[in-house]
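In what follows, a structure is listed as structure tokens, so that the remarks can point back to it.
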Amino acid sequence: MVENELRQAPATSRNREPILAVLARTLPDSGLLLEIASGTGEHAAFMMPRLPETWRWQPTDADPGAFANIDGHARLSLCPRILPAIMLNVRDTTWPIARADAILCCNMIHIAPWEAAEGLFAGAARVLSTGAKLILYGPFKRNRLHTAPSNESFDANLKARDRDWGVRCLDTEALPLAEKNGFDLEEIVIMPANNLTVIFHRR
Ligand SMILES: C[S@@+](CC[C@H](N)C(=O)[O-])C[C@H]1O[C@@H](n2cnc3c(N)ncnc32)[C@H](O)[C@@H]1O
């Protein structure tokens with residue numbers, strides 16, 4: 001894909017620095033980071049060159065149409081530690097990666113049916129060892145309430161696009177799902193633009 005034809009998500013340029021800051025202080029010394037739902041691939045291209053050289057980044061997406069774009073951004077970053085994108089649909093009961101040292105999933109569980117969140121936690125439980133982190137980024141409701149009017153209208157917009165999509169509730173949906181799949185909540189980080197980073201680790 002020609003460089004100037006690469007697709008970009010406007011939000012990525014705003015959230016990549018704060019997400020990187022969380023990764024930089026919470027990831028262990030080395031390993032393979034499995035990114036779920038890489039989308040444009042911009043997070044990998046921005047963050048991996050800025051993380052320790054002892055890390056490798058595996059981008060994935062359920063949409064094979066995204067791969068050329070993800071790989072294009074990776075090439076542009078000149079970072080050889082970003083691996084070629086591969087197909088991973090979280091809802092599949094077998095994932096193409098048997099082991100990872102951390103999982104990052106940004107902006108997926110609200111733009112997919114709830115079964116995707118279920119698949120994410122079930123798959124992460126298969127792939128991560130005890131203590132390894134599952135890191136989610138995106139908007140969440142707290143105690144069933146939106147945390148900002150902008151999140152409420154975003155939620156309405158999502159549901160208008162697909163009635164199975166929608167901003168998930170941290171306390172009544174994500175945390176029980178994590179508990180059921182053997183993940184403990186480690187930290188909730190308040191992020192810009194009414195988003196959260198939620199860090200779990202495998203029990
Ligand atoms: C809004 S984009 C987020 C992309 C990127 N993580 C970001 O924050 O910019 C949502 C992504 O989730 C992916 N996705 C949707 N359902 C999925 C599934 N079942 N398994 C894996 N990825 C999925 C879509 O293909 C899309 O690339």
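Quick look at the numbers
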quantity	calculated
Any hit, region 73-85, residues being within 13 Å of the ligand (Cβ to nearest atom) and over 15 Å from the mean Cα position of the chain (by Cα)	yes
Qualifying residues in region 142-173 (those that are in contact with a helix residue (DSSP H, G or I) (Cβ under 7 Å, 6 or more places away or on another chain) and part of a helix (DSSP H, G or I)) - the one nearest to Glu115 (Cα to Cα)	Asn151
Residue in region 101-112 that is more than 10 Å from the ligand (Cβ to nearest atom), surrounded by 22 or more Cβ atoms within 10 Å (Cβ to Cβ) and touching a residue at least 12 places away in the same chain (Cβ under 8 Å) present	yes
Of all residues in region 36-49 being at negative phi and near the ligand (Cβ under 9 Å from one of its atoms), the one that is surrounded by the fewest Cβ atoms within 10 Å (Cβ to Cβ)	Thr40
Criterion (farther than 22 Å from Ile199 by Cβ and either in a loop (DSSP other than H, G, I, E, B) or touching a residue at least 24 places away in the same chain (Cβ under 8 Å) (or both)) met by exactly one of Pro59, Pro28, Pro52, Pro84	Pro84
Scope region 6-15; condition closer than 19 Å to Ile70 by Cβ, touching a helix residue (DSSP H, G or I) at 6+ places or on another chain (Cβ under 8 Å) and more than 9 Å from the ligand (Cβ to nearest atom); matching residues	Leu6, Arg7, Gln8, Ser13
Criterion: more than 12 Å from the ligand (Cβ to nearest atom), surrounded by 16 or more Cβ atoms within 10 Å (Cβ to Cβ), closer than 18 Å to Ile97 by Cβ and at pLDDT 95 or above - qualifying residue of Leu33, Leu23	Leu33
Neighbours by Cβ (under 8 Å, 6+ apart or cross-chain): first from region 154-170, modelled with pLDDT of 95 or more; second of a type in the set (Phe, Trp, Tyr) and part of a helix (DSSP H, G or I)	Asp164/Trp114; Val167/Phe154; Arg168/Trp114
Residue under evaluation Trp95, criteria (1) in a loop (DSSP other than H, G, I, E, B); (2) buried (at least 16 other Cβ atoms within 10 Å of the Cβ); (3) away from the ligand (no atom under 15 Å from the Cβ), criterion not met	(3)
Residue in region 132-141 that is outside any helix (DSSP H, G or I) and among the charged types (D, E, K, R) present	yes
Residue list for region 174-203, filter: part of a helix (DSSP H, G or I) and closer than 15 Å to Glu118 by Cα	Ala174, Leu175, Pro176, Leu177, Ala178, Glu179, Lys180
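The values are calculated or read from the model by the stated rules, or taken from the named source; none is laboratory data. On a predicted model such as this, the values are computed, not experimentally measured, just so you know. Neighbour counts run over all protein chains shown; Cβ positions are idealised from the backbone, glycine included.
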